[in-house]
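As structure tokens, the structure follows; a few thoughts come after it.
No lab work stands behind these numbers, since they all come straight from the coordinates. All figures in this text were calculated on a predicted structure; none of them were measured in a lab. Cβ: placed from backbone, ideal geometry, glycine included. Neighbour counts: every protein chain shown.
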Amino acid sequence: MNRILLLSFLALVSACSSREVVVVYSPHGPDVGKDYEKMFEEAHPNIDLQWIDASSQDVFNRVNAEQNRPACDVWWGGPSTMFMQATKSGLLAPYEPSWAAAVGEGFKDPDSNWYGTYDTPLAIMFNNRKYTRETVPQNWDELLDPAWKNKITIRAPLKSGTMRTFIGSSILRAGGDDEGIAWLTKLHGQTKSYMESPQLMFDHLKRNEELITVWIMPDAVLQRERNGYPFDSLIPADAPVLTEGIAIINGAPHRENAELLYEFITTNKALIHQANEYAKIPTRSDIDKSKLPAWMGEQEVDAMEIDWEAFAQNEQGWIDRWKSEVYDAK
């Protein structure tokens, strides 16, 4: 009997060790990661999907550090500005997906180095046990009202693509770099805490009902509907709308499997699933809107006009100034 069990174990180990691999880096979080690892491996039992969950900036830094010996195959998630920077650094490989024609200009790289997957507006997120959409700040400048002093918590910006976008858009909205830094300095004076991860921020907002934050609107829906958090959000006018992207890494060690995964997680069926399960708003024009959550059709967004190419070029300089002149200033 023991011999039979040993032989079975060895057979299992042998089968596992013979599986192919595909590696994805993503800031989309553990909910998405666990679900799609399971679904992809059920569809392709010969492939081991290895998911690395990290912030957008950490993904960029890791891909950049591994440029000479890539360990990642697919980068899934993060603002388009990071994919633009990665393209200029030679970190991404051209790949034209089967649905390429369904994504408009401005939502993809002209040489197919990356494609947009989701439209993600920034919003003011709050605990709905304390506030309603009528009682939170109605525009970005109202965040500076004395009534909100020490009632704002913010995801620490340096590693967050979302918050780096917020910093850059705030500078653009102010009309100049110096004016924007002055506005962000005032916001810093209003801010009670900076949280090191989205999950820590969610937990903090749940426990401290008087706090509000700036974050991506779909996460308010996701955390409420999927995880039971008492969250809602308001999208002010002139809201930055991120295009989140996907790309294959230049020199991907498992290129064939990378293309397989890329297509698997971006089919019409997959995007409809992501819309309903994770509140992701598809960028593509060929999605049957009747199969999307009702709120996506009802949601009105007054999007801020942004030259994202110019934004990508200026982003690091803005972040450096924010760190030295706002966050680290005495």
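By a straight-distance test (C-alpha under 18 Å), which lysines pair with residue 289 as possible cross-link partners, with residues fewer than eight away in the same chain excluded?
By straight Cα distance, residue 289 reaches 269, 280.
Expressed as a rounded percentage, what relative contact order does the chain have, with Cα pairs under 8 Å and six or more residues apart? Kindly include the intermediate steps, with their values, before the conclusion.
Working: 548 pairs, mean separation 86.3, N = 330.
Over the chain, the number comes to 26 percent.
Given a Förster distance of 22 Å, report the FRET efficiency between residue 237 and residue 188 from their Cβ-Cβ distance, rounded to the nearest 0.05. Don't skip to the end; give the middle numbers.
Details: r = 23 Å, r/R0 = 1.05.
Calculated value: 0.45.
Could you tell me which GluC sites (Glu not before Pro) in segment 74-182 are loop residues by DSSP with no more than 16 other beta carbons within 10 angstrom of their beta carbon? Kindly include the intermediate steps, with their values, before the conclusion.
Numbers: sites: 105, 134, 142, 179; in loops: 105, 134.
Here the GluC sites (Glu not before Pro) that fit, given the DSSP loop and packing criteria, are 105, 134.
So for the chain, taking the charge dipole from beta-carbon charges (+1 Lys/Arg, -1 Asp/Glu), which of 271, 282, 45 sits furthest toward the positive end?
It is 45, whose Cα lies furthest towards the positive end.
I want to check the label-to-label distance for residue 197 and residue 267. Put each point 7 Å from Cα in the C-beta direction and report it in nm to one decimal.
So the label points at residue 197 and residue 267 sit 3.2 nm apart.
Only four residue types carry charge here, +1 at the Cβ of Lys and Arg and -1 at the Cβ of Asp and Glu. Report the dipole size of segment 102-195 about the Cα centre in Debye, rounded to the nearest 20. Numbers along the way, then the final one.
Details: 12 positive and 11 negative charges, 149 e Å.
Approximately 720 debye in magnitude.
Where a ≥ b ≥ c are the square roots of the eigenvalues of the C-alpha gyration tensor, would you call segment 62-112 rounded, which needs a/c under 1.5, or, failing that, prolate if a/b is larger than b/c, or oblate? Before the final figure, lay out the partial values.
Values: a/c = 2.20, a/b = 1.77, b/c = 1.24.
Prolate.
How far, in degrees from 0 to 90, does helix 161-174 lean away from the longest principal axis of the Cα atoms of the chain, to the nearest 10?
Once rounded, the angle reads 30 degrees.
Pull out the extension gain between residue 112 and residue 18, defined as 0.36 nm times the separation in residues minus the alpha carbon to alpha carbon distance; nm, one decimal.
So the extension gain works out to 30.6 nm.
Dipole size in debye (nearest 20) for the chain around its Cα centre, Lys and Arg Cβ +1, Asp and Glu Cβ -1? Write out the running numbers ahead of the final one.
Values: 32 positive and 48 negative charges, 228 e Å.
Approximately 1100 debye in magnitude.
How large is the dipole of segment 150-254 about the Cα centre if only Lys and Arg carry +1 and Asp and Glu carry -1, each at its Cβ, rounded to the nearest 20 debye?
Values: 11 positive and 12 negative charges, 49 e Å.
In debye, rounded to 20, segment 150-254 gives about 240.
Would you mind computing, in nm to one decimal, how far apart the modelled labels at residue 67 and residue 133 are, each placed 7 Å from Cα along Cα→Cβ?
Rounded to a tenth, the inter-label distance reads 4.5 nm.
Once amide H atoms are placed 1.01 Å from N in the peptide plane, what residues at a sequence separation of 5 or more from residue 194, or on another chain, have their amide H within under 5 Å of its amide H?
154
Taking only DSSP H segments of four or more residues, each worth -39500 (n - 2.57), what value at 222 nm results for the chain once the sum is divided by all its residues, to the nearest 500 deg cm²/dmol?
Details: 12 runs with 136 residues, N = 330.
Result for the chain, helices only: -12500 deg cm²/dmol.
Would you be so kind as to identify which of 64, 99, 112 lies farthest towards the positive end of the dipole of segment 63-130, taking Lys and Arg as +1 and Asp and Glu as -1 on Cβ and the Cα centre as origin?
The Cα lying farthest towards the positive end belongs to 64.
Given (1) 32, 24, 18; (2) 36, 23, 20; (3) 43, 18, 17 as candidate values of semi-axes √(5λ) of the Cα gyration tensor in Å, which corresponds to the one derived from the coordinates?
Recomputing semi-axes √(5λ) of the Cα gyration tensor in Å here picks out (2).
Among 185, 254, 171, whose Cα lies farthest out toward the positive end of the dipole of segment 156-259, if unit charges sit on the beta carbon of Lys, Arg (+1) and Asp, Glu (-1)?
After comparing all options, I get 185.
Which distance in nm do the two modelled labels at residue 34 and residue 305 give, with both placed 7 Å along the Cα-to-Cβ direction?
In this crude spin-label approximation the distance works out to 4.5 nm.
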